[in-house]
Amino acid sequence: MAEGERQPPPDSLEEAPPATPNFIIPKKEIHTVPDMGKWKRSQAYADYIGFILTLNEGVKGKKLTFEYKVSEAIEKLVALLNTLDRWIDETPPVDQPSRFGNKAYRTWYAKLDEEAENLVATVVPTHLAAAVPEVAVYLKESVGNSTRIDYGTGHEAAFAAFLCCLCKIGVLRVDDQIAIVFKVFNRYLEVMRKLQKTYRMEPAGSQGVWGLDDFQFLPFIWGSSQLIDHPYLEPRHFVDEKAVNENHKDYMFLECILFITEMKTGPFAEHSNQLWNISAVPSWSKVNQGLIRMYKAECLEKFPVIQHFKFGSLLPIHPVTSG
């Protein structure tokens, strides 16, 4: 990754909230393929990618079991995710003819839709209450689509945007970086996997065997960063069942591989061809850099993904302002 790409990130976690912010309900702005230029030049894109890269740097070389600071805001976010998890238990799948896309998901989603602002209000202090409706939109967008009963990297991006917005209003701070990935995002992943399994959700816009993964992308980026300069685990080891079983609790990347092998049958090289190819890359830093490039090309620069992204005052569509 070019050094130039690394400079902006820290700001995305340090910006002081504006003195009199005018929060707005985020809405879609990318309606046609030519609009993609607006997105790539936008403040939202710069802040989003900066946020992803800051966290990538923050978790470099660290295990999930590493000792890190857990603030009250982090605890409250985990409690929010625990509530979503509990609602899955309270909303069992219904009997229906089709195997995929269980309609009980819509009942679960309706509850989140109704309660999202109340949930976000438990995380955001009262003096920032005006931000709640704007931030809550990203939470609602982050758990899948209730019409299609599918989930994909666009939904995952909405959750990262949700966390980015909480940083921008000062609820999450620079020293929360590691906990944002290891505690909050990791808990989010567990809840999403439970949703995907319980309601047999379809992958949204999946590239099938040619995509990296049916559902996620960010844990592969941050998970490969965790493994940079590991004393003995190399990329070739993640296709080794023993190495995965012994180390998945420490590394997000291996946890993702374990989930894939639980969900899919047949040879790994066939059902996850892209990952199989990545296992031949010599070092984790090269894997990490390659995945960042791939994320930009396959997710952030793809109209079918970005057409659903919503823009407000915290992640604005206007072009990057220098200074």
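The values are calculated or read from the model by the stated rules, or taken from the named source; none is laboratory data. Quantities reported herein were computed from a predicted structural model and do not represent experimental measurements. Cβ coordinates were reconstructed from backbone atoms using ideal geometry, including for glycine residues, and neighbour counts include every protein chain displayed. The accessibility values were calculated without ligands, DNA or RNA, using every heavy atom of the protein model including side chains. Shrake-Rupley method; radii C 1.70, N 1.55, O 1.52, S 1.80 Å.
Can you pull out the residues in region 142-172 that are more than 15 Å from Gln216 (Cα to Cα) and among the charged types (D, E, K, R)?
Arg148, Lys168
Looking at Ala131, is it buried (at least 21 other Cβ atoms within 10 Å of the Cβ), more than 18 Å from the chain's Cα centre (by Cα) and not charged (D, E, K, R)? Don't jump to the end; show me each part of the working.
Details: buried (at least 21 other Cβ atoms within 10 Å of the Cβ): yes; more than 18 Å from the chain's Cα centre (by Cα): yes; not charged (D, E, K, R): yes.
For Ala131, the condition - buried (at least 21 other Cβ atoms within 10 Å of the Cβ), more than 18 Å from the chain's Cα centre (by Cα) and not charged (D, E, K, R) - is met.
Kindly check whether there is at least one residue in region 58-65 that is part of a helix (DSSP H, G or I) and either free of Cβ contacts under 8 Å to residues at least 40 places away in the same chain or under 20 Å from the mean Cα position of the chain (by Cα) (or both).
First, pick out the residues of region 58-65 that are part of a helix (DSSP H, G or I): 58.
Narrowing further to those that are either free of Cβ contacts under 8 Å to residues at least 40 places away in the same chain or under 20 Å from the mean Cα position of the chain (by Cα) (or both): 58.
Yes, region 58-65 contains at least one residue that is part of a helix (DSSP H, G or I) and either free of Cβ contacts under 8 Å to residues at least 40 places away in the same chain or under 20 Å from the mean Cα position of the chain (by Cα) (or both).
Tally up the residues in region 71-104 that are farther than 22 Å from Phe182 by Cβ, in contact (Cβ under 8 Å) with a residue 12 or more places away in the chain and out of contact with any helix residue (DSSP H, G or I) (no Cβ under 7 Å at 6 or more places or on another chain), please.
Qualifying residue count for the region: 6.
Taking only region 143-167 into account, find how many residues are open to solvent by less than 20 Å² (accessible area, probe 1.4 Å), modelled with pLDDT of 95 or more and either within 11 Å of His308 (Cβ to Cβ) or part of a helix (DSSP H, G or I) (or both).
Residues meeting the conditions: 12.
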